[in-house]
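J.: Please see the structure below; I have some questions.
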Amino acid sequence: MILKELSLINYKNLSQVDLTLSPKMNCFIGGNGMGKTNLLDAVYYLSFCRSYTNPVDTQIVKHDEEVCMLQGRYEFEDSTREEIYCAIRRRQKKQFKRNKKEYDRLSDHIGLVPLVMISPADNELISGGSEIRRRFMDMAISQFDKEYLRALVRYNKALQQRNVLLKNDEMLLDHTLLDLWEEQMVEAGNFIHHKRKEFIEEFTPIFNQFYTRISQSGEQVSFSYISQLNDVDFSEKLKQNRQRDIFLGHTSVGIHRDELEMLLDNYPIKKVGSQGQNKTYFVSLKLAQFHFLLKTGRTTPIILLDDIFDRLDASRVEEIVKLVSGPEFGQIFISDTNRESLDKILERVDNSSHIYSVEHGEIRLIKD
C-alpha cells in the first residue's frame with residue numbers, strides 16, 4: 001500500500017500542502033520547528049484518527065484558524081483505491097470519511113491503513129509509565145485484530161462503569177449492576193490477556209533479530225509480560241477485591257494494570273541502557289512491529305522515521321537504512337535536519353526517492 005497524494009490545510013504550522021509522493025522514499029529536510037514532524041504526524045493521523053504527539057484535536061488546528069482538513073489517496077497492491085478525509089472544526093465533532101462516507105465509529109477505521117511511526121518520543125516506551133507500554137501492545141494488535149479492539153472498547157467501558165459505581169455510598173451500591181459490569185470485564189479481559197500473551201510470544205524472536213542486526217552486538221533483548229491474570233482467576237479476584245475497591249473508589253485488579261517489562265541482558269533497560277542502546281531498542285521494537293504487521297495483515301504498512309538518526313553511530317544508521325530500503329519494506333517517510341548525511345545514505349540505496357525542503361511550514365520538492 002502507498003499514499004499517492006496528500007493534502008493538508010491548517011494542520012499545526014502547515015497552512016496548505018499538496019504533495020504527490022514517491023512510492024518508496026520521501027525525505028523531508030529542515031531545521032527544528034519548521035514543520036517536518038507535523039507532516040509525518042498528519043500521515044499518522046490519517047491512519048489512527050489521532051495525532052501521534054498531541055491527544056487534543058483542537059490543538060492541531062493552526063492558530064487563529066477555525067478548521068483543519070486532511071486528505072489522503074491510497075493505492076493497495078491489488079489496485080484498490082481508498083480516499084480518507086478528515087475535518088476538525090473548533091467546538092464541533094470531527095468528521096472522518098472513507099470514500100466520502102462518514103464512519104459510524106472511528107474504531108472501524110483502525111487497521112485499514114496500517115502504519116508504524118518511529119520517533120524520539122518513543123523513548124517513553126522505555127522510560128515512561130506502564131500505560132505507554134500497554135498502549136504499544138494495544139496499537140500493535142489492534143491493527144490486525146478487529147476483535148481485540150472491540151474487546152478493548154468493551155473492557156474500558158465496563159471498567160469505567162464499575163469505577164463509577166465504586167464511588168457511590170456503600171449503602172446505595174447496586175451489587176447486581178456491579179456483577180453485570182464485572183462479568184463484562186472478565187469476558188473481555190480474559191480475551192485481551194490471552195491475545196497480549198500470544199503477541200509477545202510471537203513478537204519477541206522477531207524483535208531479537210532486528211536488535212542484533214542493528215546493534216551488531218551479542219546483547220540479548222527480551223520482555224517480561226507481567227499481569228495479575230497470569231496466575232489467578234479474574235472473576236474470583238474481582239470478587240475478593242470488591243470491598244477493598246469500594247474503599248479505594250477504583251478497580252485495583254485487571255488487564256488495565258498489566259506491565260510489559262523491557263529487558264537488556266535480563267536487566268530492565270530503563271536502569272542499565274545507554275542512550276544509544278535505548279534508541280536501538282525502541283527502533284528495533286518498531287521495525288519488529290512493522291514486520292509483524294507485514295506477516296499478519298493484507299497489505300504492506302507505511303513506515304515513518306522521524307528524526308531518529310541523532311545519537312546513533314554511523315554504522316547503526318546505515319544498518320537501519322539498509323533494512324528499511326529492502327524489498328519487504330514499502331513506502332517510507334524520513335525526516336532529518338541534515339541533508340548531507342541523508343544524501344550519503346541514499347547514495348547507497350538503490351531506490352527512487354523524493355527529497356523535500358521544509359521551512360516555516362512551506363514544503364518544496366527539491367529532488368525526484
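The values are calculated or read from the model by the stated rules, or taken from the named source; none is laboratory data. Only a predicted model underlies this, so the values are computations on that prediction, with no experimental measurement involved. Cβ: placed from backbone, ideal geometry, glycine included. Neighbour counts: every protein chain shown.
J.: Could you list all residues from the stretch 313-368 that are of a type in the set (D, E), within 18 Å of V17 (Cβ to Cβ) and at pLDDT below 90?
T.: D368 - this is the single residue of the stretch 313-368 that is of a type in the set (D, E), within 18 Å of V17 (Cβ to Cβ) and at pLDDT below 90.
J.: Can you find a residue in the stretch 322-331 that is in contact with a His (Cβ under 8 Å, 6 or more places away or on another chain) and closer than 21 Å to S47 by Cα? Talk me through it step by step, then tell me what you get.
T.: Here is the first cut: in the stretch 322-331, the ones in contact with a His (Cβ under 8 Å, 6 or more places away or on another chain) are 328.
The next check asks that each one be closer than 21 Å to S47 by Cα; those that pass are 328.
Checking the stretch 322-331: at least one residue is in contact with a His (Cβ under 8 Å, 6 or more places away or on another chain) and closer than 21 Å to S47 by Cα.
J.: Let me ask another. Looking at the stretch 28-47, I want the residues that are closer than 20 Å to Q331 by Cα and have a partner that is crowded, with 23+ Cβ neighbours inside 10 Å and basic (K, R) with Cβ atoms under 9 Å, at least 6 apart or on another chain. Which pairs are those?
T.: Qualifying pairs under 9 Å: F28/K36; I29/K36.
J.: Can you tell me which residues in the stretch 207-256 are among the β-branched types (V, I, T) and surrounded by 18 or more Cβ atoms within 10 Å (Cβ to Cβ)?
T.: If the condition is that a residue be among the β-branched types (V, I, T) and surrounded by 18 or more Cβ atoms within 10 Å (Cβ to Cβ), then I214, V221, T251, V253, I255 are the ones that fit.
J.: So for the stretch 32-50 (the condition being acidic (D, E), closer than 24 Å to L365 by Cβ and crowded, with 21+ Cβ neighbours inside 10 Å), does at least one residue qualify? Give the steps one after another, and end with the answer.
T.: Narrowing the stretch 32-50 to residues acidic (D, E): 41.
With closer than 24 Å to L365 by Cβ added as a condition, the list becomes 41.
Next cut, crowded, with 21+ Cβ neighbours inside 10 Å only: 41.
Looking through the stretch 32-50, at least one residue is acidic (D, E), closer than 24 Å to L365 by Cβ and crowded, with 21+ Cβ neighbours inside 10 Å.
J.: Restricting attention to the stretch 4-23, does a residue exist that is within 15 Å of the chain's Cα centre (by Cα), modelled with pLDDT of 95 or more and polar (S, T, N, Q)? Give the steps one after another, and end with the answer.
T.: Quick first cut of the stretch 4-23, residues within 15 Å of the chain's Cα centre (by Cα) only: none.
No, the stretch 4-23 contains no residue that is within 15 Å of the chain's Cα centre (by Cα), modelled with pLDDT of 95 or more and polar (S, T, N, Q).
J.: Please enumerate the residues belonging to the stretch 287-346 that are out of contact with any strand residue (DSSP E or B) (no Cβ under 9 Å at 6 or more places or on another chain) and of a type in the set (K, R).
T.: Passing the criteria: K295, R298, R311, R316, K322, K344.
J.: Does the stretch 24-77 hold any residues that are of a type in the set (K, R) and in contact with a strand residue (DSSP E or B) (Cβ under 8 Å, 6 or more places away or on another chain), and which are they?
T.: K24, K36, K62, R73 - these are the residues of the stretch 24-77 that are of a type in the set (K, R) and in contact with a strand residue (DSSP E or B) (Cβ under 8 Å, 6 or more places away or on another chain).
J.: Can you name every residue in the stretch 213-252 that is within 30 Å of M171 (Cα to Cα) and of a type in the set (G, A, S)?
T.: Those that are within 30 Å of M171 (Cα to Cα) and of a type in the set (G, A, S): S235, G249, S252.
J.: Go over the candidates C68, C86 one by one and state the one that is in the same structural domain as D368 (by TED's automatic domain parsing) and either within 21 Å of the chain's Cα centre (by Cα) or surrounded by fewer than 17 Cβ atoms within 10 Å (Cβ to Cβ) (or both).
T.: Answer to the check: C86.
J.: Could I ask something else about it? Taking the stretch 157-196 on its own, how many of its residues are closer than 19 Å to I226 by Cα and either surrounded by fewer than 16 Cβ atoms within 10 Å (Cβ to Cβ) or hydroxyl-bearing (S, T, Y) (or both)?
T.: Final tally of qualifying residues: 1.
J.: Of these, F309, F329, which one is aromatic (F, W, Y), within 21 Å of I2 (Cα to Cα) and touching a helix residue (DSSP H, G or I) at 6+ places or on another chain (Cβ under 9 Å)?
T.: Matching residue, one of F309, F329: F329.
J.: Right, here's the next one. Filter the stretch 260-290 down to residues that are in a helix (DSSP H, G or I), surrounded by fewer than 20 Cβ atoms within 10 Å (Cβ to Cβ) and not polar (S, T, N, Q), then give me how many there are.
T.: Here the count works out to 4.
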